[in-house]
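Participant: Quick one: the structure is below, questions incoming.
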There are 2 protein chains.
Amino acid sequence: MGVIVQKYGGTSVGDVKKIKSVAKRVICEKEKGNDVVVVLSAMGKTTDHLVNLCKEISTNPSKRDLDMILATGEQVSISLLSMVFQECGYDSISLTGFQAGIRTQGPHTKNKILDIDIKKIKSHLQEDKIVVVAGFQGINENGDITTLGRGGSDTTAVALAAKLNCECNIYTDVEGIYSVDPRLYKDAKKLDFISYEEMMEMSSLGAGVMETRAIEIACKYNIPIYVASSSKDVKGTYIKEYDKKMEEKVITGLSISDDVIMITINNILFRLDNIATIFEKLARENVNIDMISQTAPLNGKVNLSFTASKEDLFVINKAMDEIKSENSEVEVVVEQNIAKISVVGIGMTNQSGVTGKLFRLLADNGLEFRQVTTSEISISYTIDKKDKEKTVSLLARELDL
Amino acid sequence: MGVIVQKYGGTSVGDVKKIKSVAKRVICEKEKGNDVVVVLSAMGKTTDHLVNLCKEISTNPSKRDLDMILATGEQVSISLLSMVFQECGYDSISLTGFQAGIRTQGPHTKNKILDIDIKKIKSHLQEDKIVVVAGFQGINENGDITTLGRGGSDTTAVALAAKLNCECNIYTDVEGIYSVDPRLYKDAKKLDFISYEEMMEMSSLGAGVMETRAIEIACKYNIPIYVASSSKDVKGTYIKEYDKKMEEKVITGLSISDDVIMITINNILFRLDNIATIFEKLARENVNIDMISQTAPLNGKVNLSFTASKEDLFVINKAMDEIKSENSEVEVVVEQNIAKISVVGIGMTNQSGVTGKLFRLLADNGLEFRQVTTSEISISYTIDKKDKEKTVSLLARELDL
C-alpha cells in the first residue's frame, strides 16, 4: 500500500459542491488502497475577500497580521473537506500548518519551509485516516503563524511528498503543463513530460501553473509531480527528472508574465557602492529582483533597469523615494505596462543559433524589446504589454510550441 | 500602571469601520497609562456564514472540524484590529487561543478552560504592546483547536482578567444589565450593580447578556466585570461581590429565554434505572438539561418533562428515538414553542410570599404555565411562547423592574 499527496487549488475548492467533488476523487484514490494526504488552498474568493478587508485598514498592513488573517482561508477549506469525508463514513483529520508540524522561517508573507515534523501525519495515516493539511502556511520558531507566499500550497504539497517519499499530484484548473499558456495561444500543445529544470525556468519566468520553489524541492528529493485537471478526467503532465527518452526539442515552452514592473534609474554616479546600496535597500524589504540590466558607464554615470513583481510596488516606490532624496541627480522611472516573455528549453544548452533566430523574428515583425537576459536554458525579454499577444503568437507558431 | 481586559462582541466588530471604533476606545484606555488586553469575538456575520457552509455538508458535522472552522472567525477579527493599532502607530500583537496559552478540555464545541499560560501575554505587555486575543477558543492536550461554546469570548476575557488579577470590561450592543430585557419591556430599568449570584441566575436562566460560566469564574476569583455599550458613552453595570450597600430589592430582574425546547416522556415504567438511563444517554451527547419535573408514579408509571437548549434538538431527537425503540410503551413529545421566564433576586432568600404572589398574578391574568422550578434566589416557569410578551409586561410592571 502506497502513500500519495494530492493538492487541490483555490478554484477546485471554490464552493461546497466542488469540495464534495474533491472528496470523491480522494475517496477513489483511497479505495484503490492508497493512503492519501490532501493539501488544500483557500476557497476561491476567500483570500481576495480577506485582502480587501485589510486594504480598508492599510495600503501596507502589518505582515504578521496579514499572515494571521490569510491562514484562516485554508483552515476553512480543510475543515469542510474533512466534514465531507466523515459524512461519507471515512475517518479523517484536518490539520493546520502548525498542527501538521510545518516549521518555517523568513519574513512574514514570504516564509520558507524549514522542516516538517512528519511523525504526526504518519501516525494518522497508520490509523487509516485521510489526512487533510492546510497548504500555504506554517509556524515559525516564535510560534507565529506564517504563510509561504505565492504558490505556497504547491510547496506544502511537494515538501510533504518529499518527507513521505511519495508522488505528488497537483490538481488544478488547467489540464497540465503547456508549451505556451493556452489562454494566450489557443493552439498550445500539452506536454506529457517536462524536466524539473525546464519547469523551474518556466515557473520562475512566470508560467503560472506552479511556483519555482515547489519544483526546486521536487527536484532536490526527486519527487515526481503530476499536474492535471481537478474537474476533467484527462491525462496531465509529469514533471520529473530529465530523461534522454523525453522528446528531444530545442525549445520546450514559452512563459509569459505581466505581473511585472520595470524600474529604471538613470544618471547614477558610477561607484560600485551606489549600485550595491540600491539593491541592499530592496533586499531589506524582501523584494525579489528579477531581470537586471545596466549600461556601460558614460561620463562617470550609468543607467540601471530591473524588473520585479507588481506586488512589491509599494515598497519599491518607498525605496525609490529614499534613493531620490539621497541622490538628487538620479531620475527614476517605474513602468507598469510591461510583460515578460521567455523561451525555455533544456535543448538550448547544446544548440547554438537560438538567440539569433529569436532576435531576427522580433526584428522582422517590428516588435521592440526593452531588456533581454539569458540563462543556460532560457532567454527572456521585457516588452510593452500591448505587444504581448502578437509576440506570443509569433513565437509559438515559429517555434512549433 | 494597571492592566485591564476589554472584550468586544461580534456586533461591535461587525465591519472594518466598527473595528476602527474599537481601536479608538482601546487606545484611549492605553493613553490613560493602562496596559490593555483586548479579547474579540468573530465579526458579526462570520459565524453564521461558516455554520451555513457546514450545513451544506451535514446536519450534524464532525465537531472537531466545526471547532476548527469556527475558530477562524476570531482569528480574522484579531488580525484586523491589530493592523489598525499598527497603522495608528501603536505596537500590538494578535494571538489565537493556542498562542495565548489557553488550554482547554472537554468535548469539542463545548470545551472548558483548563488553565492559561499567562507568561507570553505578560511579556508582550511588558514590551508595551496592546495584546489582542481571540476569544472563544483554545487548544486541548492533543493539540486540537477547540471552542468554548456559547458566550465563550466572555469566558476567555474573564479568565484572562482572573489570571492578570484585573478588572474585566465587557463592551457589547446593550448598555448594561437590565432588570428585564429592554427588547421585551421598554420601561426596563438599567442596574448600576448586580451581584455575581444574581447575575449567574439571570444568565443561566437565559438573560442573554453574559453566559453563566464567565460569571462563575469572576465570582471565584472576585474579578469585577463592567458591562457597557461599545458604541455609546453611557454608564453601564458592574457585576461584583454582593454588598449590603447594593440597593435592597426582593427581586432584581426577570430573565426570558425562548431558545428552549421542552421534552415530555409519558408512560415510563417507574424504575429508577429507567430515568437514569434517559439522562445518561443525554449526558453522553453533552446535552445540558435544564428544568426537570416528574409526576408522582401512577399505576407504576411516571411522566417526565425537562427543558434543554434548542441547539441540542438534533441529538435529543436521536436519543428519544433510541428510548422509544427500547421502550415501546413510552410516548415522547418535543415542544418547540416554549419560552422560559424566571424572576431572580438575592432578596428572595429571606423573603417569603414571593411564590404565592407570582402564582396569583399569573392565575388572575389567565396565563398558564407548563412547568415550575425554584432555586434559592429564583423561580422559573415554562410558558407557551405566544404568552411571552403578556407575561413579561405583567411581571415587570407588578414587580417594579
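Participant: Tell me yes or no: at least one residue of the range A:312-324 is over 26 Å from the mean Cα position of the chain (by Cα), under 16 Å from residue A:267 (Cα atoms), modelled with pLDDT under 85 and surrounded by 16 or more Cβ atoms within 10 Å (Cβ to Cβ).
Facilitator: The answer is no; no qualifying residue exists.
Participant: Continuing with the same structure: For residue B:347, state whether it is outside any strand (DSSP E or B) and modelled with pLDDT under 80.
Facilitator: Against the criterion (outside any strand (DSSP E or B) and modelled with pLDDT under 80), residue B:347 qualifies.
Participant: Just name the residue that is nearest to residue B:133 (Cα to Cα) out of those in the range A:75-92 that are more than 8 Å from chain B (Cβ to nearest Cβ) and hydrophobic (A, V, I, L, M, F, W, C).
Facilitator: Only one residue tops the list, namely A:81.
Participant: Looking only at residues in the range A:111-127 that are in contact with a Lys or Arg (Cβ under 9 Å, 6 or more places away or on another chain) and part of a loop (DSSP other than H, G, I, E, B), which one is surrounded by the fewest Cβ atoms within 10 Å (Cβ to Cβ)?
Facilitator: Result: A:117.
Participant: Say we look at the range A:76-92 and pick out the residues that are without any contact (Cβ under 8 Å) to a residue 60 or more places away in the chain and not hydrophobic (A, V, I, L, M, F, W, C); which of these is surrounded by the fewest Cβ atoms within 10 Å (Cβ to Cβ)?
Facilitator: At the first step, the residues of the range A:76-92 found to be without any contact (Cβ under 8 Å) to a residue 60 or more places away in the chain are A:76, A:78-79, A:82-83, A:86-87, A:89, A:91-92.
With the extra rule that they be not hydrophobic (A, V, I, L, M, F, W, C), the set shrinks to A:79, A:82, A:86-87, A:89, A:91-92.
Working: A:79: 30, A:82: 30, A:86: 22, A:87: 16, A:89: 7, A:91: 13, A:92: 26.
Top of the filtered list is A:89.
Participant: Same structure, new question: Quick one: how many residues across the range B:137-194 are of a type in the set (Val, Ile, Thr) and either within 23 Å of residue B:34 (Cα to Cα) or away from chain A (no Cβ under 14 Å) (or both)?
Facilitator: As a first pass, look at the range B:137-194 and keep what is of a type in the set (Val, Ile, Thr): B:139, B:145-147, B:155-156, B:158, B:170, B:172, B:174, B:177, B:180, B:194.
If we keep only those that are either within 23 Å of residue B:34 (Cα to Cα) or away from chain A (no Cβ under 14 Å) (or both) as well, we get B:155-156, B:158, B:170, B:172, B:174, B:177, B:180, B:194.
Final tally of qualifying residues: 9.
Participant: A follow-up question, please. Among what's in the range B:32-46 and is under 15 Å from residue B:166 (Cβ atoms) and away from chain A (no Cβ under 14 Å), pick the residue that is surrounded by the fewest Cβ atoms within 10 Å (Cβ to Cβ).
Facilitator: Let us first name the residues in the range B:32-46 that are under 15 Å from residue B:166 (Cβ atoms), namely B:32-39.
With away from chain A (no Cβ under 14 Å) added as a condition, the list becomes B:32-37, B:39.
Working: B:32: 11, B:33: 8, B:34: 16, B:35: 22, B:36: 25, B:37: 29, B:39: 30.
Out of the qualifying residues, it is B:33.
Participant: Right, something else. For the range A:101-118, check the following and say yes or no: at least one residue is at the interface with chain B (Cβ under 9 Å from one of its Cβ atoms) and in contact with a strand residue (DSSP E or B) (Cβ under 9 Å, 6 or more places away or on another chain).
Facilitator: Here is the first cut: in the range A:101-118, the residues at the interface with chain B (Cβ under 9 Å from one of its Cβ atoms) are none.
Scanning the range A:101-118, I find no residue that is at the interface with chain B (Cβ under 9 Å from one of its Cβ atoms) and in contact with a strand residue (DSSP E or B) (Cβ under 9 Å, 6 or more places away or on another chain), so the answer is no.
Participant: A follow-up question, please. Has the range A:93-105 got at least one residue that is open to solvent by 10 Å² or more (accessible area, probe 1.4 Å), under 22 Å from residue A:312 (Cα atoms) and not charged (D, E, K, R)?
Facilitator: Yes, the range A:93-105 has at least one match.
Participant: Exactly one of (1) within 19 Å of the chain's Cα centre (by Cα); (2) within 11 Å of chain B (Cβ to nearest Cβ); (3) surrounded by fewer than 18 Cβ atoms within 10 Å (Cβ to Cβ) is unmet by residue A:15. Its number?
Facilitator: Exception for residue A:15: condition (1).
Participant: Okay, next question. Within the range B:4-23, is even one residue without any contact (Cβ under 8 Å) to a residue 12 or more places away in the chain and among the small types (Gly, Ala, Ser)?
Facilitator: No, that holds for no residue.
Participant: What do you reckon, is residue A:20 surrounded by fewer than 23 Cβ atoms within 10 Å (Cβ to Cβ), over 22 Å from residue A:211 (Cβ atoms) and more than 12 Å from chain B (Cβ to nearest Cβ)? Don't jump to the end; show me each part of the working.
Facilitator: Values: surrounded by fewer than 23 Cβ atoms within 10 Å (Cβ to Cβ): yes; over 22 Å from residue A:211 (Cβ atoms): yes; more than 12 Å from chain B (Cβ to nearest Cβ): no.
Spelling it out, it is not the case that residue A:20 is surrounded by fewer than 23 Cβ atoms within 10 Å (Cβ to Cβ), over 22 Å from residue A:211 (Cβ atoms) and more than 12 Å from chain B (Cβ to nearest Cβ).
Participant: Okay, next question. Which residues, counting only those in the range A:59-74, are in contact with a Leu (Cβ under 8 Å, 6 or more places away or on another chain) and either within 8 Å of chain B (Cβ to nearest Cβ) or of a type outside the set (A, V, I, L, M) (or both)?
Facilitator: Quick first cut of the range A:59-74, residues in contact with a Leu (Cβ under 8 Å, 6 or more places away or on another chain) only: A:65, A:69-70, A:72-74.
Matches in the range A:59-74: A:65, A:69, A:72, A:73, A:74.
Participant: Kindly indicate the residue of the range B:177-194 that is crowded, with 21+ Cβ neighbours inside 10 Å and within 30 Å of residue B:121 (Cβ to Cβ) and also nearest to the chain's Cα centre (by Cα) among those meeting that condition.
Facilitator: Once the filter is applied, the top-ranked residue is B:177.
Participant: What residue, among those in the range A:138-149 that are part of a strand (DSSP E or B) and open to solvent by 10 Å² or more (accessible area, probe 1.4 Å), is nearest to residue A:102 (Cα to Cα)?
Facilitator: Start the filter on the range A:138-149 by keeping residues that are part of a strand (DSSP E or B), which leaves A:138-139, A:145-147.
Of the ones still in play, those that are also open to solvent by 10 Å² or more (accessible area, probe 1.4 Å) are A:139, A:145.
Numbers: A:139: 6, A:145: 10 Å.
Looking at residues that are part of a strand (DSSP E or B) and open to solvent by 10 Å² or more (accessible area, probe 1.4 Å), I get A:139.
Participant: Among the residues of the range A:344-379, count how many are in contact with a Leu (Cβ under 6 Å, 6 or more places away or on another chain) and in contact (Cβ under 8 Å) with a residue 60 or more places away in the chain.
Facilitator: Residues that pass the stated criteria total 0.
Participant: State yes or no: is residue B:70 closer than 15 Å to residue A:72 by Cβ, buried (at least 21 other Cβ atoms within 10 Å of the Cβ), in contact with a helix residue (DSSP H, G or I) (Cβ under 7 Å, 6 or more places away or on another chain) and not β-branched (Val, Ile, Thr)?
Facilitator: Details: closer than 15 Å to residue A:72 by Cβ: yes; buried (at least 21 other Cβ atoms within 10 Å of the Cβ): yes; in contact with a helix residue (DSSP H, G or I) (Cβ under 7 Å, 6 or more places away or on another chain): yes; not β-branched (Val, Ile, Thr): yes.
For residue B:70, the condition - closer than 15 Å to residue A:72 by Cβ, buried (at least 21 other Cβ atoms within 10 Å of the Cβ), in contact with a helix residue (DSSP H, G or I) (Cβ under 7 Å, 6 or more places away or on another chain) and not β-branched (Val, Ile, Thr) - is met.
Participant: Another question, if that's okay. Here's a check for you: in the range B:120-129, which residue that is within 12 Å of chain A (Cβ to nearest Cβ) and touching a residue at least 12 places away in the same chain (Cβ under 8 Å) is farthest from residue B:100 (Cα to Cα)?
Facilitator: Step one: list which residues in the range B:120-129 are within 12 Å of chain A (Cβ to nearest Cβ), which gives B:120, B:123-124, B:129.
Pick out the ones that are also touching a residue at least 12 places away in the same chain (Cβ under 8 Å) and you get B:120, B:124, B:129.
Details: B:120: 7, B:124: 11, B:129: 14 Å.
Looking at residues that are within 12 Å of chain A (Cβ to nearest Cβ) and touching a residue at least 12 places away in the same chain (Cβ under 8 Å), I get B:129.
Participant: Answer yes or no as to whether residue A:315 is in a helix (DSSP H, G or I) and in contact with an Asp or Glu (Cβ under 6 Å, 6 or more places away or on another chain).
Facilitator: Numbers: in a helix (DSSP H, G or I): yes; in contact with an Asp or Glu (Cβ under 6 Å, 6 or more places away or on another chain): yes.
The answer is yes for residue A:315.
Participant: Which residue, of A:228, A:296, A:308, A:276, is assigned to a helix (DSSP H, G or I) and either surrounded by 14 or more Cβ atoms within 10 Å (Cβ to Cβ) or at negative phi (or both)? Working first, answer last.
Facilitator: Numbers: A:228 fails: assigned to a helix (DSSP H, G or I); A:296 fails: assigned to a helix (DSSP H, G or I); A:308 fails: assigned to a helix (DSSP H, G or I).
After applying the criteria, what remains is A:276.
Participant: If we scan the range A:159-168, do we find a residue that is modelled with pLDDT of 90 or more and in a loop (DSSP other than H, G, I, E, B)? Please lay out each step first, then the result.
Facilitator: Just the residues of the range A:159-168 that are modelled with pLDDT of 90 or more, to begin with: A:159-168.
Next, from what is left, pick out any that are in a loop (DSSP other than H, G, I, E, B): A:165-166.
Yes, some residue in the range A:159-168 is modelled with pLDDT of 90 or more and in a loop (DSSP other than H, G, I, E, B).
Participant: Let me ask another. Mind telling me which of the residues B:56, B:29 ends up being over 19 Å from the mean Cα position of the chain (by Cα) and within 12 Å of chain A (Cβ to nearest Cβ)?
Facilitator: Details: B:29 fails: within 12 Å of chain A (Cβ to nearest Cβ).
The match here is B:56.
The values are calculated or read from the model by the stated rules, or taken from the named source; none is laboratory data. The model shown is predicted, which means the values in this text are computed figures rather than measured ones. No Cβ is skipped: glycine too gets one built from the backbone with ideal geometry, and neighbour counts run over all protein chains shown. Areas reflect the complete protein model, heavy atoms only, side chains present, ligands, DNA and RNA absent. Shrake-Rupley method; radii C 1.70, N 1.55, O 1.52, S 1.80 Å.
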